[in-house]
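Undergrad: Mind looking over this structure? Questions follow.
Any read-out appearing in this document is the output of simple, stated calculations on the displayed coordinates, not a laboratory observation. Keep in mind the model is a prediction, meaning the values are calculated, not measured. Glycine also receives a Cβ, built like all others from the backbone with ideal geometry; neighbour counts cover every protein chain displayed.
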Amino acid sequence: MIRELIVKTRTIRRFKEDEGLDETVLRELIDLARLGGSARNSQPLRYMMVTDRQLGARIFPHLGWAGYLVDWPGPAEGERPPAYVICLLDRRCCQGPESEARIDLGIATQNLLLGAAARDIYGCRIGSFAPDISGLLQIDGSRYKLLLVIALGRAAEEVVLEEAGPDGDIRYWRDRQQVHHVPKRPLTDIIIAPGSPPSKRGSQ
Ligand SMILES: Cc1cc2nc3c(=O)[nH]c(=O)nc-3n(C[C@H](O)[C@H](O)[C@H](O)COP(=O)(O)O)c2cc1C
């Protein structure tokens, strides 16, 4: 069961733009993020919901999409995300180093995305964003630091997992039918026995 949900929880970058998400759903997803583990239990993450289409349209040009798909500039009109969750670090609440908050961020956003996939909502974490977004959202930079943007919506693309080949190439790619393929390293490549010599495989 949990494996099926994890397999289903794929990054989606083309959305049904006209199918909006309401804030009630986003609040439920943020509630799942809230319940994740947190270093020192300091819980320094804060979230901003963006469902307003005009604001979303202003955020969109500041996002970097799918770096490996060099010929693809990102979702076209009609397939852009209808909603965003903006993840912020509250500096006043951050007791440890930022690296700890970033571990919290991974846990929190995975909770959120798992909960979303269970509702047939998908997303894309976007770490590649221009700092201008903080201004657009009128974020108080003295207190909050923008860590991550999550684009969310209903999927308008198919994504499949596959095993990375012996060359260790992990770049995602699209086939002629525009199905998005995501290579994951084989289990045998990622489990390392204590004292084992360095592997030649999967080093990319
Ligand atoms: C911390 C983090 C930052 C990411 N930033 C971006 C990004 O800026 N743009 C993007 O298109 N995808 C981004 N992604 C999505 C990854 O490319 C995606 O997770 C990866 O291709 C594997 O696909 P999967 O999530 O379906 O397993 C990011 C993912 C993570 C975890």
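Undergrad: So for D31, D120, fewest C-beta neighbours within 10 Å to most, what's the order? Numbers along the way, then the final one.
TA: Values: D31 13, D120 9.
Ordered by Cβ neighbours within 10 Å, fewest first: D120, D31.
Undergrad: Most exposed first by the Cβ proxy, i.e. fewest other Cβ within 10 Å, how do S134, S42, S99 rank?
TA: Numbers: S134 18, S42 15, S99 8.
Exposure proxy ranking, most exposed first: S99, S42, S134.
Undergrad: Right, next: Under 1.5 on a/c is rounded, so check that first for segment 28-134, then, if it is not, pick prolate when a/b is larger than b/c and oblate when it is not; a ≥ b ≥ c are the square roots of the alpha carbon gyration tensor eigenvalues. Intermediate values should be presented prior to the final figure.
TA: Values: a/c = 1.88, a/b = 1.58, b/c = 1.19.
Here segment 28-134 falls in the prolate category.
Undergrad: Oh, and also: Sequence neighbours fewer than 8 away in the same chain don't count; with that in mind, list the aspartates and glutamates whose C-alpha is under 15 Å from K8.
TA: Straight-distance partners of K8: D120, E157, E158, E162.
Undergrad: What residue among V182, V85, V70 has the largest mean-square fluctuation in a Gaussian network model of the chain, using Cα springs under 10 Å?
TA: V70
Undergrad: If one computes the Cα centroid of segment 116-151 and of segment 68-92, what distance in Å separates the two points?
TA: Their Cα centres are 8 Å away from one another.
Undergrad: Taking square-rooted eigenvalues a ≥ b ≥ c of the alpha carbon gyration tensor, is the chain rounded, prolate or oblate, where a/c under 1.5 means rounded and, failing that, a/b exceeding b/c means prolate?
TA: On the way: a/c = 1.71, a/b = 1.20, b/c = 1.43.
Oblate is the answer for the chain, as a/c is 1.5 or above yet b/c matches or exceeds a/b.
Undergrad: Which of rounded, prolate or oblate describes segment 1-59 when judged by the alpha-carbon gyration tensor and an a/c cut-off of 1.5? Kindly include the intermediate steps, with their values, before the conclusion.
TA: Values: a/c = 2.29, a/b = 1.26, b/c = 1.82.
It is oblate, given that a/c is not under 1.5 and a/b is not larger than b/c.
Undergrad: Give me the Kirkwood hydrodynamic radius of segment 71-190 in Å, from all C-alpha pairs, to one decimal place? Each step should come with its number before you reach the end.
TA: Numbers: mean 1/r = 0.0593 Å⁻¹.
Hydrodynamic radius (Kirkwood, Cα only) of segment 71-190 equals 16.9 Å.
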